[in-house]
1. Does region 130-142 contain at least one residue that is modelled with pLDDT of 80 or more and either loosely packed, with under 15 Cβ neighbours inside 10 Å or charged (D, E, K, R) (or both)?
2. Identify the residue in region 108-129 that is surrounded by 13 or more Cβ atoms within 10 Å (Cβ to Cβ) and at pLDDT 60 or above and, among all such residues, is nearest to VAL71 (Cα to Cα).
3. Could we say that GLY85 is in a helix (DSSP H, G or I), modelled with pLDDT of 80 or more and not hydroxyl-bearing (Ser, Thr, Tyr) here?
4. Going by what's in this entry, would ASP193 be described as at pLDDT below 85, of a type in the set (Asp, Glu) and out of contact with any Lys or Arg (no Cβ under 9 Å at 6 or more places or on another chain)?
5. Being surrounded by 21 or more Cβ atoms within 10 Å (Cβ to Cβ) and assigned to a helix (DSSP H, G or I) is the filter here; which residues of region 10-22 pass it?
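The values are calculated or read from the model by the stated rules, or taken from the named source; none is laboratory data. What you are looking at is a predicted structure, and each value in this text was computed from that prediction instead of being measured. Cβ sites come from the backbone with ideal geometry, for glycine too, and all protein chains shown count toward neighbours.
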Amino acid sequence: MIWLPLSFFITAALYASVGFAGGSTYNALLVLAGTDYRILPTIALFCNLIVACGGTYRFARAGHVEIVRIVPWIVTSVPAAWLGGYLHVSETVFVGLLGLSLLAAGLKMFFKKSDEIVLEKSSAYKWKPLAPLIGMTLGLLAGLVGIGGGIFLAPVLHLLRWDNAKKIAAMCSVFILVNSIAGLAGQAMKLSDTQLLADITPYWILFPAVLIGGQIGSYMGVVRLNPDMLRILTALLILYVSGRLLLRWYGMVS
């Protein structure tokens, strides 16, 4: 099944270029490949972790990571992501929740006017007290659907005019990294009694695929791509993934 590692490689490269890790698309690809839905969040989160490590390192070296501004968002998202990963959800709820949430995020970013992207830190500071609540909500949602949550966070940060596109991409990369670790811990604890962890072994080839793709993509995101391209590419990726998931979900409930 050579198409699966190749798809993961391409996904990692594209998502890493916009500060994401690709968890949503990894999940979608695994669903389409017929993977047991109970183990696919664990596979996706591990791939997330690999890509987000490389992305965070490159963004930090380029000076785009500001830990002091990031902490209020992740201090509550991490335990919430762990809880979301630990909770049991049905396959129908899992696919539907992921598809609908990504559709909303993608539409918001795609139809954002260019003047809304202009940096206005005063607006971001005004909403700073809500950062822990927003972080907790997004972390829980990310844990439930087996992703890092950056794809949910990015539209919020753009709406708040938190910073420029590359700073937001860097922030999302860190958010994905810490939430992927927490969500993975929750998933591992949930699977410990089901003997499903052994079923992940055949998917080992996906991990080097996303490692290489993620390194290429994060380099392109830090060095080559302009802010408008980052926003548009992000929106198109989100909308494509949400469409595939919603088609799958429709087939499950009809």
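1. First pass over region 130-142, keeping only residues modelled with pLDDT of 80 or more: 130-142.
Add one more test, that the residue is either loosely packed, with under 15 Cβ neighbours inside 10 Å or charged (D, E, K, R) (or both), and what stays is 130, 133.
There is at least one residue in region 130-142 that is modelled with pLDDT of 80 or more and either loosely packed, with under 15 Cβ neighbours inside 10 Å or charged (D, E, K, R) (or both).
2. The qualifying residue nearest to VAL71 (Cα to Cα) is LYS128.
3. Details: in a helix (DSSP H, G or I): yes; modelled with pLDDT of 80 or more: yes; not hydroxyl-bearing (Ser, Thr, Tyr): yes.
So GLY85 fits the description; yes.
4. Details: at pLDDT below 85: yes; of a type in the set (Asp, Glu): yes; out of contact with any Lys or Arg (no Cβ under 9 Å at 6 or more places or on another chain): yes.
So ASP193 fits the description; yes.
5. Within region 10-22, the subset surrounded by 21 or more Cβ atoms within 10 Å (Cβ to Cβ) is 11-22.
The answer is THR11, ALA12, ALA13, LEU14, TYR15, ALA16.
Each row is one residue, and each column tells you yes or no for (1) closer than 16 Å to PRO208 by Cβ; (2) without any contact (Cβ under 8 Å) to a residue 40 or more places away in the chain; (3) more than 13 Å from the chain's Cα centre (by Cα).
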site	(1), (2), (3)
LEU4	yes, no, yes
PHE8	yes, no, yes
ALA13	yes, no, yes
GLY19	no, no, no
PRO41	no, no, no
LEU49	yes, no, no
GLY55	no, no, no
HIS64	no, no, yes
VAL78	no, no, yes
